[in-house]
Amino acid sequence: MLRLGILLTLALTAGSASAGPKILIAGVKGKGDGDVDTQIANYMAQALDSHGRVISIVYGLTDPTFRQLVQDGKIKVAPDVPKLEDLGKIAGQIGADYVFSYTSSMKGTKIVAKGELRKSGRKIWNHEETLSVQLSNGYADSDTAESIARTWTLMLEAGPFKDLASAPKAPTPDLQPGQTPVKTDPIPVAPTPKKAADNSQLRKDLEKLVASGEVSRAVAMARDAIDAQPSDLERRTLLIQVLQSAGQNEAAAKEARRAADLMPDKPELRSIAARAWLAAGKPDEARADMNEAVARDPDSAPTRLMLAQISLLQLQPERALEHLERAIKSQPSTDAYVMRALCRTLLGGADGAKLDLDAGAKLTPEPAPGDVIRRYEFSMGIMDSVTEKVGADVRALMQRSLQKGESKAVRELLDNQSRLVKARVDFLTMFGPPPSHAKSHEVRLLAQRLLTESFTGIDAYLKSGSEDDMTEARINLGEALKQQKSAQEAYAAERVGPKNERPIKS
């Protein structure tokens, strides 16, 4: 495929060294990869030419510029399938400042493309793109190649090439018999920026498709909308929300990270990515995105909320509390108040937890069902993680209660544990479940109350020394752990099925 503007590119590369730095674009073969999709290089050259910051040369004799350089002897050796070191040598021969190399391979119904940019031999940028595709004779269709090329071009324009002067190349028009050559401006006037799109109808259409269970169609519609306007933040957010509504949290996280790479001035996308990684059970990935968000805007409320969420997942309520205090001071939200109530519960502050839950309810007296479920499921995940550790702690406390000379230290531990479990009981009583989780909630609350009874039995033993009191404490502990397991099993069953799909947020 010959890209638009190729004749003008020839003229520029042959006669104007000041027109801009050259970039050599080539597909290379990776380990275990199949045939490289050469369409990506051609589409990428077209896209780069339209911006005009660099002069594109596609590796291979199908590119007229490259072929002319071979014929002129400027390129000494050109292997059919180049290696990275070959590209470095050729770049030096033709005076190309940049080399963009990529690999592409099919993994089932997905194409995985990895791109890398080098300047003067040093790697300065890389990115991996994975897209589901329709195959034709074993190859990805041209739309997929074009989408990958467009994504990479936008990222390069917003990153390594952003400080280069722009001189978009105008295509050379075809001559018709009897016509004189048509003159064009070498540097066209920049087009008037497009007015922000009205995405209200798109949102309605996506909501309708998600509600009817046609998630694949909704994803395809959102992707088409993004292809039409790649820099539209709302459209990219809609795609992320569609994926989240279907429970595809890892895919949503990858889309959010890709959008953040394309729009580095929108740190909130990093927070969205982190939230999706957390939902997908990958806190390390979430932390990577949060580190990026902190580097750009450390005190934004979304960033602080995500840092608090990560700290809670690591059962570090003190650290989470610090982030939440700053988030609430900057931008109060129901999410922040609920998380702070959870922190105070884990630290034994039931009264403060109630004040926060009341403040959150006052901010959003009629919360969206999806938000209610999301907040509840996050909170119960943390509560269950805490309870899983309690069994061993209580058994150790019982063992120490039987030893002489330990009564004072045991009393302090008992009082502390009793205060913490009472705070959890109060939280579960105040923080009512959504209808879909009513059954598991009652069983979870019963488990915490039985833990309280177990502590009461230990307290009675410390006062009486009666083995019957300790036996009662052991029975209540065993039953508490049994009920906690039942609660988690019921909870897992409640989360299965389309009823837990999250609505698209407005």
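Here are a few things to note about the model shown:
- Rounded to the nearest Hz, the phi-derived 3J(HN,Hα) couplings of the stretch 311-320 under the Karplus curve 6.51 cos²θ - 1.76 cosθ + 1.60 (θ = phi - 60°) are 4, 5, 4, 8, 6, 10, x, 4, 5, 4, where x marks glycine and proline.
- Across the accessible surface of the stretch 360-486, with the other protein chains kept in place and a 1.4 Å probe, carbon and sulfur atoms take up 55 percent.
- Ligands, DNA and RNA left out, the 1.4 Å accessible surface of the stretch 199-308 is 48% carbon and sulfur atoms.
- Space enclosed by the convex hull of the alpha-carbon atoms of the stretch 230-382, per residue, Å³: 104
- Sequence of ARG344, ARG304 when ordered by accessible area, the most exposed leading, probe 1.4 angstrom: ARG344, ARG304
- Among the listed pairs LYS439/LYS463; LYS110/LYS282; LYS83/LYS110, those beyond 31 Å (Cα-Cα): LYS439/LYS463
- Surface accessible to a 1.4 Å probe, per residue, for the residues of the stretch 240-399, Å²: 42
- Net charge of neighbours whose Cβ lies under 10 Å from the Cβ of ALA350, counting Lys and Arg as +1 and Asp and Glu as -1: +3
- Tensor-based shape of the stretch 354-492 (alpha-carbon gyration tensor, a/c under 1.5 rounded, otherwise prolate or oblate): prolate
- Solvent exposure of the stretch 433-502 as accessible area per residue, Å², 1.4 Å probe: 52
- Amide H contacts for SER300 (H built 1.01 Å from N in the peptide plane; partners 5 or more residues away or on another chain; cut-off under 5 Å): none found.
- Cross-link reach list, aspartates and glutamates versus LYS204, counting only Cα pairs under 16 Å and skipping chain neighbours closer than eight places: GLU214, ASP224, GLU234
- In order along the stretch 115-126, the phi-based Karplus estimate (6.51 cos²θ - 1.76 cosθ + 1.60, θ = phi - 60°) of 3J(HN,Hα) comes to x, 9, 10, 10, 10, 6, x, 9, 5, 10, 6, 7 Hz; Gly and Pro are listed as x.
- Computed from backbone phi with θ = phi - 60° and the Karplus coefficients 6.51, -1.76 and 1.60, the 3J(HN,Hα) list for the stretch 263-273 is 10, x, 7, 10, x, 4, 5, 5, 5, 5, 4 Hz; x is used for glycine and proline.
The values are calculated or read from the model by the stated rules, or taken from the named source; none is laboratory data. Just so you know, these numbers come straight off a predicted model, no measurement behind them. Reconstructed Cβ throughout: ideal geometry from the backbone, glycine too, with neighbour counts over all protein chains shown. Side chains included, ligands, DNA and RNA excluded: accessible areas come from the protein's heavy atoms. Shrake-Rupley method; radii C 1.70, N 1.55, O 1.52, S 1.80 Å.
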